[in-house]
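Enquirer: What follows is a single structure, and I will ask about it in a moment.
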Amino acid sequence: MSIQQLHTLDELHQYVGQPGKKLLFKHSTTCPISAKANEEFLAFVQSSDTPAAIVHVIEDRPVSNQIAEEFGIKHESPQIFLLEDGEVRWNTSHWKITRDAIKEAVSK
């Protein structure tokens, strides 16, 4: 399954608006913790058919800020969300982003 990179608010809204479960990962390309979280995220996505998208928080800051605003969840990076039908069902950040944690959240 390929990961969609979201660069615009339109892309974000289109992605969030799709029905079903999907993952949204906020990634800082300059942060070592985020690099590790990204590895875990990629490992999960490669073994799953759950749709996934990524936002680079520095390069696409307006999109990153909009996520925090729309979902009412304080911005952190790295940060991952499990969305279902436009609602946040689960989110976590930093070292808690592991392949197993994502798998457990998605399977609920």
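Enquirer: Check off (1) at pLDDT 95 or above; (2) on the phi < 0 side of the Ramachandran plot for residue 94 and give me the number that stays unchecked.
Expert: Of the numbered conditions (1) at pLDDT 95 or above; (2) on the phi < 0 side of the Ramachandran plot, the odd one out for residue 94 is (2).
Enquirer: For the condition in a loop (DSSP other than H, G, I, E, B) and either open to solvent by less than 40 Å² (accessible area, probe 1.4 Å) or closer than 22 Å to residue 2 by Cβ (or both), what is the one hit in 73, 54, 80? Spell out how you get there, then give the answer.
Expert: Numbers: 54 fails: in a loop (DSSP other than H, G, I, E, B); 80 fails: in a loop (DSSP other than H, G, I, E, B).
On inspection, the qualifying residue turns out to be 73.
Enquirer: If you take the residues in the stretch 1-17 that are modelled with pLDDT of 95 or more and either on the phi > 0 side of the Ramachandran plot or part of a loop (DSSP other than H, G, I, E, B) (or both), which one is surrounded by the most Cβ atoms within 10 Å (Cβ to Cβ)?
Expert: Restricting to residues being modelled with pLDDT of 95 or more and either on the phi > 0 side of the Ramachandran plot or part of a loop (DSSP other than H, G, I, E, B) (or both), the top hit is 6.
Enquirer: Next up: The conditions are (1) assigned to a loop (DSSP other than H, G, I, E, B); (2) under 12 Å from residue 93 (Cβ atoms); (3) open to solvent by less than 40 Å² (accessible area, probe 1.4 Å), and residue 26 fails exactly one of them. Which is it?
Expert: Of everything listed in (1) assigned to a loop (DSSP other than H, G, I, E, B); (2) under 12 Å from residue 93 (Cβ atoms); (3) open to solvent by less than 40 Å² (accessible area, probe 1.4 Å), residue 26 misses just condition (1).
Enquirer: Which residues, taken from the stretch 83-103, are more than 12 Å from residue 25 (Cβ to Cβ) and part of a loop (DSSP other than H, G, I, E, B)?
Expert: If the condition is that a residue be more than 12 Å from residue 25 (Cβ to Cβ) and part of a loop (DSSP other than H, G, I, E, B), then 85, 86, 98 are the ones that fit.
Enquirer: Where the second residue is open to solvent by less than 50 Å² (accessible area, probe 1.4 Å) and in a strand (DSSP E or B) and the first is in contact (Cβ under 8 Å) with a residue 40 or more places away in the chain and small (Gly, Ala, Ser) and lies in the stretch 39-52, which pairs have Cβ atoms under 8 Å and are six or more apart or on separate chains?
Expert: 52/22; 52/23; 52/24; 52/25
The values are calculated or read from the model by the stated rules, or taken from the named source; none is laboratory data. Since the model is a prediction, treat every value here as computed from it, not as a measurement. Reconstructed Cβ throughout: ideal geometry from the backbone, glycine too, with neighbour counts over all protein chains shown. Ligands, DNA and RNA are excluded from the accessible area calculation, which covers all protein heavy atoms including side chains. Shrake-Rupley method; radii C 1.70, N 1.55, O 1.52, S 1.80 Å.
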